[in-house]
Every structure is written in structure tokens, then in C-alpha cells.
2 protein chains.
Amino acid sequence: MRLLRRSWAGLLYQRRHQHHRRFLVTTSGRSNGDREEQQHKWSSPGSRPEQMLYAAFWAGGLTLGFHWLTNRHHHVLLEEQKGPTEEEQEALARLWHVTLRKELPTYRADQVEPHNCPENRIWVTYGLGVYDVTDFAENHPGGDKILMAAGSAIDPFWAIYQQHNTLEVLELLEGFRIGNLEGELVTSVDDELGSPWSQEPQRHALLKPASKRPFNAEPPIGLLAEQFYTPNELFYVRNHLPVPVISPEDYELEIDGGGGGVGGKEQTLTLEGIKALPKHSVTAAIMCGGNRRSEMTKVKAVKGLSWGAGAVGNAKWSGARLCDVLKQQGVQPDEAKHVIFEGADLDPTSHPYGASIPLSKALDPRGDVILAYEMNDEPLSRDHGYPIRVIVPGTVGARNVKWLTRIVVADQESDSHWQQNDYKGFSPSTDWDTVDFGKSEAIQAMPVTSAICTPQPGSRVKVDDDEGHITVRGYAWSGGGRKIVRVDLTNDEGLSWHVAELEQEDIPDGRHYGWSLWTARLPISEAQRKAGDVEIWAKAVDSAYNVQPEKFEHIWNLRGVLANAYHKVKVKIV
Amino acid sequence: MRLLRRSWAGLLYQRRHQHHRRFLVTTSGRSNGDREEQQHKWSSPGSRPEQMLYAAFWAGGLTLGFHWLTNRHHHVLLEEQKGPTEEEQEALARLWHVTLRKELPTYRADQVEPHNCPENRIWVTYGLGVYDVTDFAENHPGGDKILMAAGSAIDPFWAIYQQHNTLEVLELLEGFRIGNLEGELVTSVDDELGSPWSQEPQRHALLKPASKRPFNAEPPIGLLAEQFYTPNELFYVRNHLPVPVISPEDYELEIDGGGGGVGGKEQTLTLEGIKALPKHSVTAAIMCGGNRRSEMTKVKAVKGLSWGAGAVGNAKWSGARLCDVLKQQGVQPDEAKHVIFEGADLDPTSHPYGASIPLSKALDPRGDVILAYEMNDEPLSRDHGYPIRVIVPGTVGARNVKWLTRIVVADQESDSHWQQNDYKGFSPSTDWDTVDFGKSEAIQAMPVTSAICTPQPGSRVKVDDDEGHITVRGYAWSGGGRKIVRVDLTNDEGLSWHVAELEQEDIPDGRHYGWSLWTARLPISEAQRKAGDVEIWAKAVDSAYNVQPEKFEHIWNLRGVLANAYHKVKVKIV
């Protein structure tokens, strides 16, 4: 952070505002369509409960959160006269909202603080600015969320709810500006020290971040179909919050078996205790609910990280069976409906990441839900949930809670944001004005999908034999234990289809949780050779003979989840 | 109708014709073509929810309300000095409206037939009467429904809509009487003794046969979404072979628990023995693998019965759990992979109909597989498998073996034709020259689907309120216990979608085997009103967020199974 401040100061001194500005534009421009949505949303009347979901959208990259501090200090730092490095510039990009408005009065933090309820007017600070958001709060999609910051800084919240990181939102906020916050040296929230992001693990250079804080990244899709078991360090990472630091000695998993604690239904397991239980392994692909969102967003903007087709990986997971643990604790199939998981990763209000699954899935030995401590025969890495992550095979990634610290058997689903107001599907005509998250089912088992991993879009593909074929390779997967039974490829818009060879585990249907890799050889006609351009389509069929929809238009949804239309890749034939 | 008349004559003159007569009445067949015509006419311009109530009086069997009719004929029969038996009374009840009114002209059926639209006046026949109901039809609560019978007999409909069976209704109808229907003797359609088809059961006149031998028939789709539980007599029938005759006393179910007969793993259950086991009920829709084939075949010809969207029904099934029976016999989950079922229906080489399901499904208490002896709280009818049929909820109809005589736990699937060389899906490019049934998976759980039941294709639909809406109603279902979570409707080719209201059981996902009925109200634009033509599309989403494919082209397969593309219905707006 000091470095950051220094560089920022340097930026100002050397009149490199342009850089700064350019970065800012780039940052917000990344989610071009989001802007419209957000503006639209922010002007929407009435704050319905479902609007709270709005607060869910991690944008990516560094948070705007802490930068008011930096900003505040920039006069001091100015004197250091240092120019920003590229890395610093990127950091600066997140510090843009730093303008001191001399025509406005200055307030101390303790003057802001009493303005924490509508009666006293609701003030918040952001960076150097003091804002009266009383009128705005009523229409704020996050409703109560913004009130959590009343009388204080909203920066830490925006660090989490990164959908605010757009120029538009910040300009909107500026409209409520009433003053400047008096500069004051405060304790550093440096990454190196107190920042929640200061202890993020090292990541593989090939992981391409969709956002850095929280860290969300996928491997290059061209690598994905190379190995049946995705290498751990290339396995996509989807974090919702900072990565917690957990020492194996201190780790404890609290289990509340429901029934109000009667009959000794609570227990705590240590890491050693979990490892002492019978070890069970399962091959399971984990897929993000937003995998392939970047294709859906081409139809119309959606909110969410712009995932390619690489937000999926396949691994052998090992650990203790959840069904054993629950049965040992006397949990009966009919005494509750859900199992809630909580992670050690906390939001700014110290609420953990949470999710739930149906109890029937948890208790079913064929459901293969495990408290995993190994991934491809290695201990879990921190990014993947060290020391314990629950693996819920066949179920959307979001329910495979990492850094698992608590399990609760309950009658209701998790009340977490991610269970209630995110990871749900909607009709294409549902927009942010009409959405009601309470009326939609939380995603559990995922629908059938597939993707072409090679060749990649725009690549030049050689016809590889005398008969004029090209080789196409990719993955296919369906949730709920449904095996892939066929993958069809076409390069003439469906006039002719070619069935791919499958590479998959010999596991019974209904319990087939791993992905299938596939290879197809497609004939290239003389006409296609001459034209030079070919579009390849892939579609998979699962064991319930569910198929992928042809295109994204009719499955579009405002969160950009469940993007499982045909994968279409245009290549050049050489 | 001709049959009806003949039997009526028989009733008057020869008491012993009662049996025959009754049979003929129930099968009173018009030709296929006529029925298609009838179905076509059975449009529903503006079928409102309240109209659905109208159909809600299904009771099954005849009602006592007919007695006054019986009385009427009593006099006739009295002359023979033979009062009608109870059975005869029942038959009479179906023939109730038989008064010849000599003061009125007589019409032949082919003279009635052209009067099938308001322009030509709407005539219907009932018993011996010919009625001009043009003026009445407008005010008829069933509106569109009465038009289904235009130009022909309303008798079969009133057999369903038994609220007509009152003196008041019949007197009302008599007020529209314009003539008598000319009687005509026709030859019996009975098979000779000895024919395998000679003992086929009676079927409801509204079941529209796709083939008669074996009997395969579906109800008019317009009736299908009227009731959550499909009336037994209207439930589609899919027979592969002649219906066997089984006396309850002689019935035996042979169970081979596998393991080569070691350890006493064979047993035989009588009907009483099965009924003595704990009784379990499950609501399950059964759907033919070829449901909606007639739509797929429009893309390109397929082999198979030309089913409409009515090869599905929803019922409450009751019987003994298969898992109880198998566990009682010591069958272990890992000792075999499949459970084979055989029926009492035999092919010409005396091989029984057969099918198999995964053992895991059979052993799973949540799989709800039962040896059913009741359908909607009545004993199974012969067409539906009397005395015992296995119900495999969520699984294609073909595995729900009727007239069940044998169960075998085995390592291999059933070697029957229907398991090995039928009921499998293929790529659209697979033809009869290249098909290899051995390489495709037998259909088990079915994919998500839906259909619009009203309005019907080509019907004239009234905009039913000031805001300009039409009401659309239908069913949706998915296999494997997956609940329907949403049904989307569009009438502008997907530019805007409207979410339907669902009517479904409150059963946990994963065990949700019943269908969902749905109702949507679609806005009709001014432009659409003027144009007059609207195409409505329906698509459903199941709890794994699987969706229907948009069109049939890319799911086409040579057997025409799994026809679950969007259901598209063109109607005229009036």
C-alpha cells in the first residue's frame, strides 16, 4: 500500500493523469453492458428483497475499497516524485475517485458518524468524499446493505460488492456529495499487513484472472482437454472472498446435526479426526455456475465475471464421506431437508461464505459427497479450500464450499447471499426491475454442456489427412451424476453431425460425476477449404437424453449462469 | 354412431344384446380421420380457468344420475316382461337419449357432418337425436369444447363431462332438436374366437388409436391438462402385444434375486402376497418414449407410431415397493447391475415383452419403484397391466412393464428387443444403414419436455380481457425425479417470454415424479390482433436447469423418440 501511495503520488506529480484516467476507463469499460444494467437498476423504484441480490456481483481486480486512504495521503506522498510501474498503474486505476472538492465543507469522521439513520440523514464516506445518501438509500438495490455503512465508510463494502466499480456508479455517488473528509492518518490497510487480501496464495502464471480480488481465474481452454484429471495448479479458482489462513492444528469442523442439539447432535471434528474416517475417492468435475458466461453476454449484457469455457476442472477428490459423518451423528433422512455449509472466508461484516444442498444428496452413499482433503492425491491447496472442502459431485461449484468450518442439518436452505440471491436461473425476460430471487430455485445439479477446447476460435487449422479431416477436441459434462452418452459435432450448421469418441470413466450412470473428454474428426469439404472459414458446433447428450439448447438467446438470464448452449467456434482452414 | 344405433335397436328388441351393445357403445368408433377432425375442431378460443372447472367432474364409470333414462326404457323393456339388470341399466344409461321423434325429419350421419362450423350451423347428434346447437354454443360454458363434437356425436364427450348427465341438461338439449339420426346396421368388429386380439378390453371412445392391434391410443390433448390426475379411462395406452387375460387367482410373480439361485434367492409372490406387503403410493407421470413423434416426423420421416402430445398421463399409483421385495430377498446393491422385468404379453414366438432398469434405481427407496395394483385408487385396468404393473417413476414408459410376471436381478440388461433394439436415441445423421443399436444407451430417465394443451393448433382464440390476453394451458415434465421449475411461453418467437403459473405436487426435487400443469396468460399485441395469426411456443426448465431444445432438426433420430423440442402451436386470434 505504501508503494501504491508512492506511485500514485508520483503519478500526480508527473502529471500522468492520463494514465490514471485511461486505466479507469478500461476498468469500467470491461463491463460495458453492466453499466446499463446498473444504471437502470439504481434508478429503479422500491427496494424489494430480491434487489439485495444486486450486491452480489464481484467485478474483479482490486477493490476500490481501500483507496480513499491512499488518496488521502497523496499530498504527503507527492513529494516522493516517483513514477508508477505498470503494476502500480493498475493499482492506481482503482484509486480514481480521489478528488478534493474545495467548494464543499470538510467533515471529520466523528462528524459523519452520527448520520447513521434516516432520521439524522444517512451519510457515508468514500475516499475523500462525504455523501448524503438518504434519498438514494431508499432506492438502493442493496437496501439494507448500504445502511450497514451508514455513518462510516462504504469502501470496505464495495471491496466485496465489486459491481460498484464502474465509472457510472461512482459518478452517481458523486451526485450526492456534500463535503470532504478531513485527512487523517489511519492505520494502514496494506496488503502486506491488515488487508484481507494480504495473504492470498501464489497462483500459476497461466491462470487467467477474471478478477484478482477476490481471485477468480481459469486456465487457457486449449490446455483443458489435454488431461483427464486437470492439474491442480491449472484448476480454475472461484473465490468469493479473501482466502482465509488456516493452520491444520487449529482447524475445527463444527457439525450441528439438527434436532435442536438434542441427543448430542453437535460435534467438532479436527483435521486428524476427519482423516481418521474411512477414506473415499470420487472423480468429479466442478463447474462454476457462470462457466461460458462470456458467450451468453454477447446476446445481451449480464452481471458477473466474464468466464470463458474454462471455469471447470476434473479431479479425483479424496476425503471422508459426509453420509458417514451424518449417520454417525444420528441424522435421519426425514428429519430435515437441507445441509448447510459455511466456510472460513468472511465478508466485511464477518459473515462466512455459505451454501446448502438437499439432505437427500448428503445422505445418499451414491451421492458421493465428501469432506475432501485431497485433490488428485495431493493435499488441497489454499485456493481450493485447504484444509477441508466439501465436494458435492454433480452440483454447481458454489455449493462445494471451501475452507469448510461448519455443517448444519436444517429445515431451510442456507440464508447466505449466495444461496438466496445468487446462483439461480431466470426467464430471458426477467430483468433487474422484475427479478424476484425468492421465486427461483437455487442451482444444484447442473445441466448438460460441452465445449470445444481445440481448435480455438480464430485459429488456423490444418486439414490433417488426405481425406480432408480436422481434429476437434473438448469436454462434456452433465450434473446430477448423469453420464455423457454422446457428443455430436457439425461444421455445416447441423446439416450433418459427427459423433465424437468419448474418454470417460466406467462408472454407472447416476453416479457418473467426472467429465468426459471427446475427440472428433470432421470432414472438410472442398468448398469449405476454398472458403477458408468453418464454424464448428458441439452439443452433448446426457444419460437422461437431455441436450444442450442451440443458442443463448432463449436461455439468457440476467446473471449469466447456466450458459450451456451449443459451443460454436469459428476457425480458418489452411 | 352406427354401432350405437344398432346396439340401441338391440337393446329394444333383444335383451341378450346388452353385453354386445355396451361394448359397442364404448368402442363406438368413428374412423381415425373423423377423430382427427374432431380433435382439430376441439379448439379452445379463450379457455379460461373457470372453464377448466367445468371438466372437473370426472367420476369414472357411470353415475347414478342416469336412472331416469333407464326408467324411460323400462317401459319398453317391460313389454318383453323383462326388467333390465343392473348391468343393462348401466348400458342403457349410455344410450339414454333414444327417443324417436316422428314429427321431425331424419338425417344421415353424412348429412350431419358438414354442419361443423358456425357458418354452416353447428349440428351434433346424441343418441337418436340431431340438434342444431349453433345458438347454444356461444353461451355454452365449455365454449370451444362443444365444437369438438360439431358435425358428429357428443356422446363420447358427455361420457367424460358427466355433469351433463342430468335431466336438466338433457331437456335443454332436446330444445335444440331438429331431427332424428338414421339408423343403420353395421357388421360387428369383433374378432373371431382364437384370435390373439379377441380378448382386448373395452376402451373409451375418446382414446384416439395410433394403432388398433396392438392397441395404442392417446386422449385428445385438449382434455389432458384439465385434471392433475389423468382419468384412468383417458390415460394413453401403449401396448406392444395383445392384452393378456389374467385371473387374479392364478396370477404369480416370479422373482429371481440373482446369484444363480444360490441361497434361496427365488420366490414366487401371489397377488394377495403382494397386496399383503406395505402399500406405497407415488404420483408419477408415465410418458411414451415416442410422445410428440408426430412433430419430429415433420422434419424427416421416422419409424414409429404417430403419437401426438397425448402419450403421457399422470396418476397416483399404489402397490408394494420393489426395494422392499428385493431387500427381503437379500439382494445387495453391488451384486448386480440391472433388474429385468417380463410381462405376460407374448409375441408370436411366445417371448414376453421385457425391459430392465438399473438395480440402483430399483433399490433406492427414493426411486419409488413399485409393483402397482392400483391406479388412481382403482384396481389397474387390463389395458394398464392388471393385475400388477411395475411403475418406474421418472423413467420412459417402456420400462414400466405391464402384466408383470417375472423379475430377474442380473448383470446384464434385458435382452428383449425393446431394451436392446428400440427405445434408444441417436445422432441426427444416423440412418438405418449406419445405425448400431448396440452403441447407444437404452432410454431410462426422460428429458425435460412440455406441451401446450389448449388452445390447439389452428383454433380460433378469443382475446379474453380488456388488456388483450389469451390463456394458454399445458403440461410439463422431466424424468429422473427432476421437478419442473419454470415454464416459459412466447408468442413473438422468443423476443419476450412469459412465465407460467405451475400446478404441481409439493414433493422434494429428485423425487418429483408427477407432472406439472401450467397456465400462462399471453398478451396479444394490436399488430397480432390485426394479423390474426399467432404462434405460441412453450419450453420448460427442470430442476437441473436442463431446457428443451428449440427445434426438432438437431434432435431428430430415426426412431422418433425423445421428441422434446419446444412445443409450437399456431392459432388464430379473434
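The values are calculated or read from the model by the stated rules, or taken from the named source; none is laboratory data. Because the structure is predicted, anything quoted here is derived from the model rather than measured. Cβ atoms come from the backbone with ideal geometry, glycine included; neighbour counts cover every protein chain shown.
Please give the number of the condition B:ASN491 fails out of (1) of a type in the set (S, T, N, Q); (2) over 21 Å from B:ASN291 (Cβ atoms); (3) without any contact (Cβ under 8 Å) to a residue 40 or more places away in the chain.
Among (1) of a type in the set (S, T, N, Q); (2) over 21 Å from B:ASN291 (Cβ atoms); (3) without any contact (Cβ under 8 Å) to a residue 40 or more places away in the chain, B:ASN491 violates only (3).
If you check A:ASP334, A:ASP368, which single one turns out to be touching a strand residue (DSSP E or B) at 6+ places or on another chain (Cβ under 8 Å) and within 14 Å of another protein chain (Cβ to nearest Cβ)?
A:ASP368
Are any of the residues in the stretch B:328-335 more than 30 Å from B:GLN227 (Cα to Cα), modelled with pLDDT under 95 and surrounded by 18 or more Cβ atoms within 10 Å (Cβ to Cβ)?
Keep residues of the stretch B:328-335 that are more than 30 Å from B:GLN227 (Cα to Cα), which gives B:328-335.
Now narrow it down to the ones that are modelled with pLDDT under 95: B:328-335.
So of that shortlist, the ones also surrounded by 18 or more Cβ atoms within 10 Å (Cβ to Cβ) come out as B:329, B:331.
Yes - at least one qualifying residue is present in the stretch B:328-335.
Read through the list (1) more than 14 Å from chain B (Cβ to nearest Cβ); (2) in a loop (DSSP other than H, G, I, E, B); (3) touching a Lys or Arg at 6+ places or on another chain (Cβ under 7 Å), then give the number of the only condition that A:ASP509 fails.
(1)
Working only within the stretch B:472-490, note down all residues that are over 19 Å from the mean Cα position of the chain (by Cα) and either at pLDDT below 95 or within 14 Å of another protein chain (Cβ to nearest Cβ) (or both).
Matches in the stretch B:472-490: B:GLY480, B:GLY481, B:ARG482, B:LYS483, B:ILE484, B:VAL485, B:ARG486, B:VAL487, B:ASP488, B:LEU489, B:THR490.
Look at the stretch B:529-550 and say how many of its residues are crowded, with 21+ Cβ neighbours inside 10 Å and not hydroxyl-bearing (Ser, Thr, Tyr).
Residues in the stretch B:529-550 being crowded, with 21+ Cβ neighbours inside 10 Å and not hydroxyl-bearing (Ser, Thr, Tyr): 13 in total.
Looking at B:VAL325, B:VAL392, B:VAL409, B:VAL339 in this structure, which one is within 23 Å of B:GLU252 (Cβ to Cβ), touching a Leu at 6+ places or on another chain (Cβ under 6 Å) and of a type outside the set (D, E, K, R)?
On the way: B:VAL325 fails: touching a Leu at 6+ places or on another chain (Cβ under 6 Å); B:VAL392 fails: touching a Leu at 6+ places or on another chain (Cβ under 6 Å); B:VAL409 fails: touching a Leu at 6+ places or on another chain (Cβ under 6 Å).
Of B:VAL325, B:VAL392, B:VAL409, B:VAL339, the one residue that is within 23 Å of B:GLU252 (Cβ to Cβ), touching a Leu at 6+ places or on another chain (Cβ under 6 Å) and of a type outside the set (D, E, K, R) is B:VAL339.
Considering only residues of the stretch A:435-460 that are within 14 Å of chain B (Cβ to nearest Cβ), out of contact with any Asp or Glu (no Cβ under 7 Å at 6 or more places or on another chain) and assigned to a loop (DSSP other than H, G, I, E, B), which is surrounded by the fewest Cβ atoms within 10 Å (Cβ to Cβ)?
Going residue by residue through the stretch A:435-460, those that are within 14 Å of chain B (Cβ to nearest Cβ) are A:435-450.
When the remaining residues are screened for being out of contact with any Asp or Glu (no Cβ under 7 Å at 6 or more places or on another chain), the result is A:439-441, A:443-447, A:449-450.
Subset that is assigned to a loop (DSSP other than H, G, I, E, B): A:440-441, A:443-444, A:446-447.
On the way: A:SER440: 22, A:GLU441: 16, A:ILE443: 26, A:GLN444: 24, A:MET446: 28, A:PRO447: 27.
If we take residues in the stretch A:435-460 being within 14 Å of chain B (Cβ to nearest Cβ), out of contact with any Asp or Glu (no Cβ under 7 Å at 6 or more places or on another chain) and assigned to a loop (DSSP other than H, G, I, E, B), then A:GLU441 is surrounded by the fewest Cβ atoms within 10 Å (Cβ to Cβ).
May I ask you to list the residues in the stretch B:546-567 that are outside any loop (DSSP other than H, G, I, E, B) and at the interface with another protein chain (Cβ under 7 Å from one of its Cβ atoms)?
The answer is B:VAL547, and nothing else.
In this structure, is A:GLN456 in contact (Cβ under 8 Å) with a residue 40 or more places away in the chain, more than 30 Å from A:ARG366 (Cβ to Cβ) and polar (S, T, N, Q)?
yes
Do the conditions hold for B:VAL401, that is, is it away from chain A (no Cβ under 14 Å), more than 22 Å from B:LYS300 (Cα to Cα), among the hydrophobic types (A, V, I, L, M, F, W, C) and part of a loop (DSSP other than H, G, I, E, B)?
Criteria met by B:VAL401.
Residues in the stretch A:369-378: is at least one assigned to a loop (DSSP other than H, G, I, E, B), at pLDDT 95 or above, assigned by TED's automatic domain parsing to the domain that holds A:VAL339 and surrounded by 24 or more Cβ atoms within 10 Å (Cβ to Cβ)? Reasoning before the result, please.
Initially, the stretch A:369-378 is screened for residues assigned to a loop (DSSP other than H, G, I, E, B), giving A:369, A:376-377.
With at pLDDT 95 or above added as a condition, the list becomes A:369, A:376-377.
Now restrict to residues that are assigned by TED's automatic domain parsing to the domain that holds A:VAL339: A:369, A:376-377.
Narrowing further to those that are surrounded by 24 or more Cβ atoms within 10 Å (Cβ to Cβ): A:369.
Yes, because at least one residue in the stretch A:369-378 is assigned to a loop (DSSP other than H, G, I, E, B), at pLDDT 95 or above, assigned by TED's automatic domain parsing to the domain that holds A:VAL339 and surrounded by 24 or more Cβ atoms within 10 Å (Cβ to Cβ).
If you scan the stretch B:413-431, which residues turn out to be part of a helix (DSSP H, G or I) and within 16 Å of B:LEU241 (Cα to Cα)? Show your work before the answer.
Step one: filter the stretch B:413-431 for residues part of a helix (DSSP H, G or I), giving B:417-420.
Result: B:HIS417, B:TRP418, B:GLN419.
Evaluate the following for A:GLU526: is it farther than 21 Å from B:PHE426 by Cα, of a type in the set (Asp, Glu) and either surrounded by fewer than 24 Cβ atoms within 10 Å (Cβ to Cβ) or out of contact with any Gly (no Cβ under 7 Å at 6 or more places or on another chain) (or both)?
Values: farther than 21 Å from B:PHE426 by Cα: yes; of a type in the set (Asp, Glu): yes; either surrounded by fewer than 24 Cβ atoms within 10 Å (Cβ to Cβ) or out of contact with any Gly (no Cβ under 7 Å at 6 or more places or on another chain) (or both): yes.
Here the answer is yes, as A:GLU526 does meet what is asked.
Considering only residues of the stretch B:408-423 that are surrounded by fewer than 23 Cβ atoms within 10 Å (Cβ to Cβ) and touching a helix residue (DSSP H, G or I) at 6+ places or on another chain (Cβ under 8 Å), which is nearest to the other protein chains (Cβ to nearest Cβ)?
The extreme case among them is B:GLU413.
I need the full set of residues from the stretch B:337-365 which are in a loop (DSSP other than H, G, I, E, B), of a type in the set (D, E, K, R) and either away from chain A (no Cβ under 14 Å) or under 28 Å from the mean Cα position of the chain (by Cα) (or both), in order please.
B:ASP347
Regarding the stretch B:302-320, can at least one residue be identified that is in the same structural domain as B:VAL401 (by TED's automatic domain parsing), more than 24 Å from B:TRP432 (Cβ to Cβ) and free of Cβ contacts under 8 Å to residues at least 60 places away in the same chain?
yes
If you check A:ASP433, A:ASP466, A:ASP415, which single one turns out to be modelled with pLDDT under 95 and more than 30 Å from A:ILE524 (Cα to Cα)?
Being modelled with pLDDT under 95 and more than 30 Å from A:ILE524 (Cα to Cα) holds for just one of A:ASP433, A:ASP466, A:ASP415, which is A:ASP433.
Among (1) part of a loop (DSSP other than H, G, I, E, B); (2) surrounded by fewer than 23 Cβ atoms within 10 Å (Cβ to Cβ); (3) in contact with a strand residue (DSSP E or B) (Cβ under 7 Å, 6 or more places away or on another chain); (4) assigned by TED's automatic domain parsing to the domain that holds A:ALA527, there is one condition A:ASP466 misses while meeting the rest; what is its number?
A:ASP466 satisfies all of (1) part of a loop (DSSP other than H, G, I, E, B); (2) surrounded by fewer than 23 Cβ atoms within 10 Å (Cβ to Cβ); (3) in contact with a strand residue (DSSP E or B) (Cβ under 7 Å, 6 or more places away or on another chain); (4) assigned by TED's automatic domain parsing to the domain that holds A:ALA527 except (3).
For the stretch B:304-319, indicate whether the set of residues that are surrounded by fewer than 22 Cβ atoms within 10 Å (Cβ to Cβ) and of a type in the set (Val, Ile, Thr) is non-empty.
Checked the stretch B:304-319: no residue is surrounded by fewer than 22 Cβ atoms within 10 Å (Cβ to Cβ) and of a type in the set (Val, Ile, Thr).
Here is a check on your reading of the model: is B:HIS498 at the interface with chain A (Cβ under 9 Å from one of its Cβ atoms), in contact with a Leu (Cβ under 6 Å, 6 or more places away or on another chain) and surrounded by fewer than 24 Cβ atoms within 10 Å (Cβ to Cβ)?
On the way: at the interface with chain A (Cβ under 9 Å from one of its Cβ atoms): yes; in contact with a Leu (Cβ under 6 Å, 6 or more places away or on another chain): yes; surrounded by fewer than 24 Cβ atoms within 10 Å (Cβ to Cβ): yes.
So B:HIS498 passes the test.
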